[in-house]
Amino acid sequence: MTRPRWTPFIALVAGLSLAGSGCTATPSESTEGTSIAGSPSAPMSSAPAPSAMPATASTTFQFIDADPVVTRSLTGIDEDYMNPGAVIDHEGTLHMYANVFTAWPGRMVVPHLTSTDGRAWTLADPAVALTSDAVPFADPGIDVSTGFVRDDGTWVLVFETIGIVKPWVLGIATAPGPDGPWKIDPEPILQPGKEGAVDAGGLAWPSVVRLGDGWAMLY
């Protein structure tokens, strides 16, 4: 499989087409010369700084003093820590594929939980969705970071490998439905760039969103 060149601009973005049993990534349109502000390569500009966003455009989040909505005991997994991993909103139900672990980097266990309001969660299946043991290129662990449902109904989870020596890479797991069974692609879908590239040091925490007829990944 030919690995694509992904175009960086502020965040790294690329069109991602995931069809059939394989994965093909195609580069997105790029904006030449765009870089993170303040970096040595950022071009000097005499344009005035953008004005502050109007108050009407801001969003206020209210933090409620309440018990945690998801706990390790709810998952039934005997590990010490957890993070929310990927949450997929599909047909009125939220599906959380959390990362549960004790050592980091280390073995990762991923349960499947569901909710209709984001506050009351239940364990969808006592059997875990997947573990890092099933990933042949885990190093030694993984973190599930994002997920989505293809147009053909295939469910997709995207994860990065977690290690302390090798650069991290991105992989995917697919399933015919939210409850699996989950199949791990045997090879990464995206690996670090060549020496000197912006992503040469490794890839982490991708986020995939809908973009027209395809998908965009920011990582």
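The values are calculated or read from the model by the stated rules, or taken from the named source; none is laboratory data. If you're wondering where the values come from, they're calculated on a predicted model, not measured in any experiment. FYI the Cβ positions are ideal-geometry reconstructions off the backbone, even for glycines, and counts take in every protein chain you see. Note: accessible area is taken over every heavy atom of the protein model, side chains too, but ligands, DNA and RNA are not part of it. Shrake-Rupley method; radii C 1.70, N 1.55, O 1.52, S 1.80 Å.
Looking across the range 175-208, just one residue is in contact (Cβ under 8 Å) with a residue 60 or more places away in the chain, surrounded by fewer than 18 Cβ atoms within 10 Å (Cβ to Cβ) and not in a loop (DSSP other than H, G, I, E, B), and that is 207.
For residue 151, are the conditions met, namely being open to solvent by 20 Å² or more (accessible area, probe 1.4 Å) and of a type outside the set (Ser, Thr, Tyr)? So residue 151 passes the test.
The residues on offer are 107, 119, and the sole one that is among the basic types (Lys, Arg) and modelled with pLDDT under 95 is 119. Tally time: how many residues in the range 68-85 are part of a strand (DSSP E or B) and open to solvent by 40 Å² or more (accessible area, probe 1.4 Å)? Number satisfying all stated conditions: 4. The set of residues in the range 157-172 that are more than 17 Å from residue 84 (Cβ to Cβ) and modelled with pLDDT of 95 or more comprises 161, 168, 169, 170, 171, 172. Can you name the residue in the range 87-130 that is under 20 Å from residue 205 (Cβ atoms) and open to solvent by 50 Å² or more (accessible area, probe 1.4 Å) and is also nearest to the chain's Cα centre (by Cα) among such residues? Selected residue: 87. Residues considered: 88, 142. Of these, the only one that is modelled with pLDDT of 95 or more, in contact with a helix residue (DSSP H, G or I) (Cβ under 8 Å, 6 or more places away or on another chain) and assigned to a strand (DSSP E or B) is 142. So which residues in the range 209-219 are of a type in the set (Gly, Ala, Ser) and open to solvent by 40 Å² or more (accessible area, probe 1.4 Å), if there are any at all? If the condition is that a residue be of a type in the set (Gly, Ala, Ser) and open to solvent by 40 Å² or more (accessible area, probe 1.4 Å), then 212 is the only one that fits.
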